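One structure below.
The values are calculated or read from the model by the stated rules, or taken from the named source; none is laboratory data. The structure presented is a predicted model; accordingly, all values stated were derived computationally and were not measured. In this analysis, Cβ positions are derived from the backbone assuming ideal geometry, glycine residues included, and neighbour counts consider all displayed protein chains. Side chains are part of the model used for accessible areas, which takes the heavy atoms of the whole protein and leaves out ligands, DNA and RNA. Shrake-Rupley method; radii C 1.70, N 1.55, O 1.52, S 1.80 Å.
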Amino acid sequence: MKSDAQLQSEIQAEVNASLPEPGEIGVAVHHGVVTLSGAVDALAQKWRIERAAWSVKGVRAVAEDIAVRSTEAAPTDGEIAEAVATTLEWSEAIDASDVHARVEHGWVTLTGSVRTAPESEAAERLADQVRGVIGVSNRMSVEAPEAVKVESTEDVERWKPVDQEC
């Protein structure tokens, strides 16, 4: 097992390699639990840093305390909610008629229902791409599981439940 000092050194090297300007992010390690701190210019950098920390073998958990600096005014929760709703409504990938978005401090919570699991995943991805969104909680239900395509009656027989006595 690696010592905390070894982990810290390896994680710092991985983090620095993922940044345009090394040294912007602090790394602390205690019993394999990593705390990342500092500030970056983009949300994507924040995610790269976290992935870099997780890529080091021996990391047990990651506490991420990285701020995203912004050169322009951040959108309000109302602006984010409107953008998410519009994005979902205009998407051809999902039927958003029963999808609801709640925004609090940039965090989007999706509720309601969609027809399929791929629609649920698409809605989450679309919401996550809206400017100002810091995260998405997907609490949507899926109306019906994916249909199983049956080619022949032989397939039906093979997938019938079998009653067994124990």
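Here is a check on your reading of the model: is V130 farther than 19 Å from V142 by Cβ and open to solvent by less than 50 Å² (accessible area, probe 1.4 Å)? Answer is yes for this residue. When you look at V56, is it surrounded by 15 or more Cβ atoms within 10 Å (Cβ to Cβ) and assigned to a loop (DSSP other than H, G, I, E, B), yes or no? Here the answer is yes, as V56 does meet what is asked.
Return the residue satisfying two criteria in turn: it lies in the range 10-27 and is open to solvent by 50 Å² or more (accessible area, probe 1.4 Å) and hydrophobic (A, V, I, L, M, F, W, C), and of such residues it is modelled with the highest pLDDT. Spell out the reasoning first.
To start, the set of residues in the range 10-27 that are open to solvent by 50 Å² or more (accessible area, probe 1.4 Å) comprises 10, 13-14, 17, 20-24.
Still in the running and hydrophobic (A, V, I, L, M, F, W, C): 13, 17.
Values: A13: 93, A17: 89.
Taking the candidates together, the pick is A13.
Residue by residue through the range 71-106, note down the ones that are within 30 Å of E24 (Cα to Cα) and surrounded by 12 or more Cβ atoms within 10 Å (Cβ to Cβ).
A74, P75, T76, D77, I80, V103, G106
When restricted to residues that are more than 27 Å from Q45 (Cα to Cα), without any contact (Cβ under 8 Å) to a residue 40 or more places away in the chain and either in a strand (DSSP E or B) or among the basic types (K, R) (or both), the range 98-146 contains 8.
State whether one or more residues within the range 77-91 are closer than 24 Å to A5 by Cα and of a type in the set (V, I, T).
Taking the range 77-91 and keeping what is closer than 24 Å to A5 by Cα, we get none.
Looking through the range 77-91, none of the residues is closer than 24 Å to A5 by Cα and of a type in the set (V, I, T).
Listed conditions (1) within 15 Å of G132 (Cα to Cα); (2) modelled with pLDDT under 95 are all met by V84, apart from (2).
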